[in-house]
Amino acid sequence: MLDIQSLETWLWDAACAIRGPVDAPKFKDYILPLVFLKRLSDVFDDEIERLSAEYGNRDLIEAVILLPENLFYNAAAPGIILVVNRRKPRCGEILLINASQQFAKGRPKNYLTEEHIARIAALYHEWRAEAGMSTIITSDEAARNDYNLSPSRYVSTNGKEVGANGHSPLLPLEEAVVRLQEAEEERAEADRGLSQVLQKLGLWR
């Protein structure tokens, strides 16, 4: 569970990374951009949802391929290949490939071997669903899931049980309610901690 000290430490480290050689007393000049970046992130997420819905409604998305983490020098996050096709040969279908585990460890970055690339390409060209690697969903299913087309949502690579659509099985109602309450409590505690930090910095009243 996130406590105030952990939150303060995380915010301080993040601000230090941004401010570089600037003296610590000017810390508050650099915490505000963090809040601004968070706002931009929220707006970006909303825009991504809007674009996904727009392209989904027009049935332009043919495939989504999730790549492994730490492939690119400018980011450690996993990459995504989005295949858009105005002349889809299979209307109303979307191929989702979870290739997040298809990599070889490297220094400093991971990389795809020729075998990994060939396997991913074969799944796409053969339009094939493979357990733990790929699945095919309909446009209607994508719409029901608010056009969340992340392959990891539909394809499990860890051997855990998944539902009919590649989702995790539904939790019992009682357990779901308990988890929701715990999540709400953690969110509220994190909000209180952030407010206290911002108040100390004179950025919140």
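Bear in mind that the values in this text are calculations on the coordinates, not laboratory data. Since the model is a prediction, treat every value here as computed from it, not as a measurement. Quick reminder, even Gly has a Cβ in these numbers, built from the backbone with ideal geometry, and neighbours come from all protein chains shown.
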5 angstrom amide H check on residue 62, placed H, neighbours 5+ away | 83, 84, 85
Would you please give the residues with an amide H less than 5 Å from that of residue 155, counting only those at least 5 places away or on a separate chain, with H modeled from the backbone geometry?
-> none
Taking the highest mean first, how do the peptides 73-84, 123-134 order by number of other beta carbon atoms within 10 angstrom per residue?
-> 123-134, 73-84
18 Å cut-off, amide nitrogen to a point 7 angstrom out along residue 50 Cα→Cβ, residues in the range 137-157 | 146-148
Mind grabbing the base-10 log of I(q)/I(0) for the range 58-154 at q = 0.15, 0.20 Å⁻¹? Debye formula, identical points on the C-alpha positions, no solvent, two decimal places.
-> -0.60, -0.98
